[in-house]
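To start, the structure under review is shown below, and the notes come after it.
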Amino acid sequence: QVQLVESGGGLVQTGGSLRLSCAQSGSIFSFRAMGWYRQAPGKQRELVATISSDGSTNYGDSVEGRFTISRDSAKVTVYLQMNNLKPDDTGVYYCNLKSSIANYWGRGTQVTVSS
């Protein structure tokens, strides 16, 4: 059974930094991509960043240039380095893993940026 466990969320001031981690366990058939999505209160879940099996990355427009997604060499943990955080970055950040046959989600970690 695949599990995704997020960590690293918290409270930070505007302009600060946080690093999120997502640890994957369980066997994956035909991995496609892993990444982060976020959901603010009253808003839809939106793309933050993804990293594909070939290492290519994709970012949401609002985080481009401030956030960096990476994956460890063992390919079981994905990181999201978040710099120059803004109040609009506040929300629950969810880890996501896509394979050719399934889509998995973590439980989420709260990120709060104070002004």
Taking the convex hull of Cα positions in the range 1-60, its mean projected area over all directions (nm²): 5.6 nm²
Zero-based 10 Å bins, Cα pair distances in the range 37-76, whole percents: 27, 47, 23, 3
Rounded to a whole number, what % of the accessible area of the range 1-92 do carbon and sulfur atoms account for, probe 1.4 Å? 45 percent
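Computed over the Cα atoms of the chain, what is the ratio Rg over Rh, Rh following Kirkwood? Walk me through the intermediate numbers first.
Details: Rg = 13.5 Å, Rh = 14.1 Å.
Using only Cα positions, Rg/Rh for the chain is 0.96.
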Name the residue, out of 39, 13, 24, whose mean-square fluctuation peaks in a Gaussian network model built on the chain with Cα pairs under 10 Å. 13
Residue-normalised value, i.e. accessible area per residue, for the chain at 1.4 Å probe, in Å², stands at 54 Å²
In percent, what relative contact order does the chain have, based on Cα pairs under 8 Å that are 6 or more apart in sequence? 37 percent
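Counting other Cβ atoms within 10 Å, keep those with at most 10, restrict to DSSP loop, and tell me which GluC sites (Glu not before Pro) in the range 5-98 are left.
On the way: sites: 6, 46, 64; in loops: 64.
When the GluC sites (Glu not before Pro) of the range 5-98 are filtered for loop state and at most 10 Cβ neighbours within 10 Å, 64 remain.
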Compute the separation of the alpha-carbon centres of the range 20-36 and the range 43-65 and state it in Å as a whole number. 15 Å
Kirkwood-based shape ratio for the range 64-115, expressed as Rg/Rh from alpha carbons: 1.02
Placing +1 on the Cβ of each Lys and Arg and -1 on the Cβ of each Asp and Glu in the range 1-107, which of 16, 90, 100 has its Cα farthest towards the positive end of the resulting dipole? 100
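The values are calculated or read from the model by the stated rules, or taken from the named source; none is laboratory data. What you are looking at is a predicted structure, and each value in this text was computed from that prediction instead of being measured. We place every Cβ from the backbone using ideal geometry, glycine too, and count neighbours over all the protein chains shown. These area figures cover heavy atoms from the full protein model, side chains too; ligands, DNA and RNA do not enter into them. Shrake-Rupley method; radii C 1.70, N 1.55, O 1.52, S 1.80 Å.
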